[in-house]
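Structure, as structure tokens:
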Amino acid sequence: AGATVAMLTAGEVTHRLGARRSVGVSTAGVAAGLATAGVGVGVWPSVAATAVGLFVLGYGSGVCNVAMNVEAAAVERLLGRTVMPRFHAVWSLGTVAAAGLAAPAAWLDVPVTADLAGVAVVVLGGTLVAARSYRRVGDRVGARGGSGVLAAWREPRTLLIGLLVLVLAFTEGTANDWVAVAFVDGYSVGPAAGAAVFGVFVATMTLGRVVGTVALDRWGRAPVLVCTMSLAIAGVVVAVFGGSPVVAVAGVALWGLGTSLGFPVGMSAAADEKGRAAARVSVVAVIGYTAFLAGPPVVGLLGDHVGVLRALLVVPLLLVPALALVPVLRTPPRV
């Protein structure tokens, strides 16, 4: 709920404060939310305190997400080459690092309160140091006039980019939530093997985001996205109908590569016009992140009827028609 509210207001916040200050303020919220949730779980057990902490955490992370993407898009414009997917690759590495730290903390019975407090300190300190290198130009942008978020909701191109990002986020989120369970359910592998399959997906997705920038600069957004989305379609089909875990894992690897560029390229496309970047990124983020909220229940419901492995086929069923939306990612002509 906090993240959803943030997505609706992050454009205005970023417009008013600028990306650097928005990141600083929102990260303080993230740290406070983590610490509050930790206290609510451990030191002073309270459902209300935990809920408040999680809401603040969600709101802070949502605003920070939009502000970071706005700043990254500005850096991309200044450099004159594609770098957005590499920022998202580092985000993927962050999720892996978080899991890698949480597992031994749980094994060592580190109190949740201490664990989350430590994470809060690291997140706040590290992000504030990093944000010092953000551009200071435009920190007070928007002091005159509104952010234009409401106007962005009426722009056909912005909405179509959001719809494409929605499908691509669903493609990524389905793997995040269900690929490990699908292999346990469909191929009768153990839980550890299922987790390893998810690791394959994250690894190839990260690789695609690191090396995909070269392809984007050489051939452009639309041709590259058609290729990567086709890889994702083929990968899911192979993962479901591979017949053996080994072949199916190869499909998951293709799935990860095919998913890698969609979300970051959508953010870049939304921020093509400097003066409208914050509003449009906010709108696209709201639409796209809906998939992370709605996707898991949809696949789970289908899995109850046809099995989780077969339920994964909803991904290519959405990706195929979404190929028609790829042309909206082209940079609009300057007038």
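Structure data summary
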item: Residue list for the stretch 278-293, filter: among the β-branched types (Val, Ile, Thr) and open to solvent by less than 20 Å² (accessible area, probe 1.4 Å); result: Val281, Val283, Val284
item: Candidates Val214, Val247, Val167, Val197 - the one that is surrounded by 18 or more Cβ atoms within 10 Å (Cβ to Cβ) and farther than 16 Å from Val326 by Cα; result: Val197
item: Pair list, Cβ < 8 Å and 6+ apart or interchain, from the stretch 183-205 residues that are under 14 Å from Leu93 (Cβ atoms) to residues that are not in a helix (DSSP H, G or I); result: Thr204/Ser260; Met205/Ser260
item: Subset of the stretch 309-327 (residues that are closer than 28 Å to Val189 by Cβ and touching a helix residue (DSSP H, G or I) at 6+ places or on another chain (Cβ under 9 Å)); result: Leu309, Arg310, Ala311, Leu312, Leu313, Val314, Val315, Pro316, Leu318, Leu319
item: Any pair with Cβ under 9 angstrom, 6 or more apart, that starts in the stretch 306-335 at a residue that is of a type in the set (Ser, Thr, Tyr) and ends at one that is not in a helix (DSSP H, G or I); result: Thr331/Gly220; Thr331/Asp272
item: Residues satisfying the stated conditions in the stretch 26-55, i.e. open to solvent by 30 Å² or more (accessible area, probe 1.4 Å), among the aliphatic types (A, V, I, L, M) and in contact (Cβ under 8 Å) with a residue 12 or more places away in the chain; result: Ala28, Ala32, Ala35, Val39, Val41, Val43, Val52, Leu54
item: Yes/no for Val75 being open to solvent by 10 Å² or more (accessible area, probe 1.4 Å), in a helix (DSSP H, G or I) and over 26 Å from Gly212 (Cα atoms); result: no
item: Any helices (runs of 4 or more DSSP H) falling wholly within the stretch 224-335 and containing at least 1 residues that are more than 27 Å from Ala193 (Cβ to Cβ); result: 262-270, 277-306, 314-322
item: Among (1) buried (at least 22 other Cβ atoms within 10 Å of the Cβ); (2) at positive phi, the one test that Gly307 misses; result: (1)
item: Condition met for Leu231 (of a type in the set (A, V, I, L, M), surrounded by fewer than 24 Cβ atoms within 10 Å (Cβ to Cβ) and under 27 Å from Ala67 (Cα atoms)); result: no
item: Unique match (being within 30 Å of Asp272 (Cβ to Cβ) and either under 20 Å from the mean Cα position of the chain (by Cα) or assigned to a helix (DSSP H, G or I) (or both)) among Gly58, Gly53; result: Gly58
item: Given (1) farther than 20 Å from Val149 by Cβ; (2) in contact (Cβ under 8 Å) with a residue 12 or more places away in the chain; (3) β-branched (Val, Ile, Thr), index of the condition Val23 fails; result: (1)
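The values are calculated or read from the model by the stated rules, or taken from the named source; none is laboratory data. Since the model is a prediction, treat every value here as computed from it, not as a measurement. Here the Cβ is made from the backbone with ideal geometry for all residues, glycine too, and neighbour counts use every protein chain on show. With ligands, DNA and RNA removed, areas are computed over all heavy atoms of the protein, side chains included. Shrake-Rupley method; radii C 1.70, N 1.55, O 1.52, S 1.80 Å.
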